[in-house]
1. Would you pick out the residues in segment 62-86 that are basic (Lys, Arg) and out of contact with any helix residue (DSSP H, G or I) (no Cβ under 9 Å at 6 or more places or on another chain)?
2. Filter segment 56-71 down to the residues that are surrounded by 16 or more Cβ atoms within 10 Å (Cβ to Cβ) and under 20 Å from ASP10 (Cβ atoms) and list them by number.
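What follows draws every value from the coordinates through simple rules; no lab data is involved. Treat the numbers as computed from the prediction; the structure is a model and nothing was measured. With ideal geometry, Cβ positions are generated from the backbone for all residues, glycine too; neighbour counts draw on all protein chains shown.
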Amino acid sequence: MTPYSLRFKDSVAKDLRRLPADARSRCLARAEALRENPRPQAAVKLTGREYTYRLRVGRYRVIYQIDDKEHTVTVEYVRHRGRAYP
């Protein structure tokens with residue numbers, strides 16, 4: 001399978017700065033792994049959104065979208081589980 005390109009929204013940098021260092025590195029590692037497998041077994045599709053998924057990383061959530069036509073994964077935000085869902 002062709003690896004997907006990984007993109008981060010501009011606001012993700014601000015989200016990551018707010019996290020503790022260990023959580024930041026774990027979230028980035030999980031996001032990088034999405035290049036090879038954008039739909040890992042731990043990913044859950046969010047209801048009400050057609051191409052949006054979430055990954056649990058401890059108490060934090062990585063919310064991302066998959067574009068299969070362009071082969072891209074776009075990380076929308078990384079937040080604490082209490083603030084991750086609008």
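1. Taking segment 62-86 and keeping what is basic (Lys, Arg), we get 69, 79, 81, 83.
Within segment 62-86, LYS69, ARG81, ARG83 qualify.
2. Within segment 56-71, TYR60, ARG61, VAL62, ILE63, TYR64, GLN65, ILE66 qualify.
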